[in-house]
Amino acid sequence: MNIVFDFGGVLFRWHPATFLARVWPHRAADAEQAAAVAAEFFQNYSGDWGAFDQGLIDAPTVIERIAARTGWPAAEVAQVVAAVPDELQVLPQTVALIEELKRAGHRLFYLSNMPEPYADHLERHYPLHDWFEAGVFSGRVKLSKPMPEIFALASQRFGVAPQSCLFLDDHPVNIDAAKALGWQALLFTRAEEVRPQLTYLVL
């Protein structure tokens, strides 16, 4: 089986509301406020942040656009953008799952919506080439999930048929997009919760 991992919220910690509560306690004092600020900042990965994810704009431009759109000071927006790498801490239980899948003989790949500066950071700090045969970062290909084109590009680069891929992602819209293109897909919550489904399918 060819198993394709998303990164944020799957292999690396990513929860925008708690992230902003940590970085911006003055703007995200409680869970409700943090969720609202996260929704305005990241726009559900569309708009300004979506363009950054897709590699269409760079970090200074996304900072400028978010500040202009929201009225938040550019220095504070820059603080959030600079803090993202610290938020992307590896999730040990997912690493254990990756190692188990590799031992079982499965081929592992990744498909991640990730701005290029953060992709560079992950490659410098984690053994991605040991965990995965290949991968696609949205910021480097100027496409992002849930666009059908990025799934087609990924299967082409991996040299595998869509029907042979099992995709793990934490966003339902991306799961739906993968399934519509013939991929198998599982919604990822936590490694220990998805493991029983993987056991049934591949382990």
Helices (runs of 4 or more DSSP H) wholly inside segment 1-107 containing at least 1 residues that are hydroxyl-bearing (Ser, Thr, Tyr): 16-23, 59-70, 92-103
Unique residue being among the β-branched types (Val, Ile, Thr), within 17 Å of Asp169 (Cα to Cα) and touching a strand residue (DSSP E or B) at 6+ places or on another chain (Cβ under 8 Å) when the list is Val90, Val95: Val90
Condition check for Leu122: closer than 18 Å to Phe188 by Cα, in contact with a strand residue (DSSP E or B) (Cβ under 8 Å, 6 or more places away or on another chain) and not aromatic (Phe, Trp, Tyr): no
Of the criteria (1) open to solvent by 20 Å² or more (accessible area, probe 1.4 Å); (2) touching a residue at least 24 places away in the same chain (Cβ under 8 Å); (3) closer than 26 Å to Phe137 by Cα, which one Gln43 fails: (2)
Meets criteria (out of contact with any helix residue (DSSP H, G or I) (no Cβ under 6 Å at 6 or more places or on another chain), of a type in the set (Asp, Glu), crowded, with 20+ Cβ neighbours inside 10 Å and touching a residue at least 24 places away in the same chain (Cβ under 8 Å)) for Asp53: no
Number of the condition not met by Pro73 [criteria: (1) out of contact with any strand residue (DSSP E or B) (no Cβ under 8 Å at 6 or more places or on another chain); (2) closer than 30 Å to Glu100 by Cβ]: (2)
All positions within segment 7-37 that are open to solvent by less than 10 Å² (accessible area, probe 1.4 Å) and closer than 25 Å to Phe137 by Cβ: Phe7, Val10, Leu11, Phe12, Phe19, Leu20
Spans of strands (runs of 3 or more DSSP E) in segment 115-203 with at least 1 residues without any contact (Cβ under 8 Å) to a residue 24 or more places away in the chain: 184-187
Positions within segment 1-23 being more than 28 Å from Gln184 (Cβ to Cβ) and in contact with a Phe, Trp or Tyr (Cβ under 9 Å, 6 or more places away or on another chain), in sequence order: Leu20
Members of segment 182-195 that are open to solvent by less than 70 Å² (accessible area, probe 1.4 Å) and either on the phi > 0 side of the Ramachandran plot or touching a helix residue (DSSP H, G or I) at 6+ places or on another chain (Cβ under 6 Å) (or both): Gly182, Trp183, Ala185, Leu186, Phe188, Ala191
Segment 79-103: number of residues that are open to solvent by 60 Å² or more (accessible area, probe 1.4 Å) and among the hydrophobic types (A, V, I, L, M, F, W, C): 1
Qualifying residue in segment 46-65 (condition: modelled with pLDDT of 95 or more, more than 16 Å from the chain's Cα centre (by Cα) and among the aromatic types (Phe, Trp, Tyr)): no
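The values are calculated or read from the model by the stated rules, or taken from the named source; none is laboratory data. Just so it is clear, the model here is predicted, and its values are computed rather than measured. When we count neighbours, we look across all protein chains shown, and the Cβ atoms used for this are built from the backbone with ideal geometry, even at glycine. We work out accessible area using only protein heavy atoms, side chains counted, and drop any ligands, DNA or RNA first. Shrake-Rupley method; radii C 1.70, N 1.55, O 1.52, S 1.80 Å.
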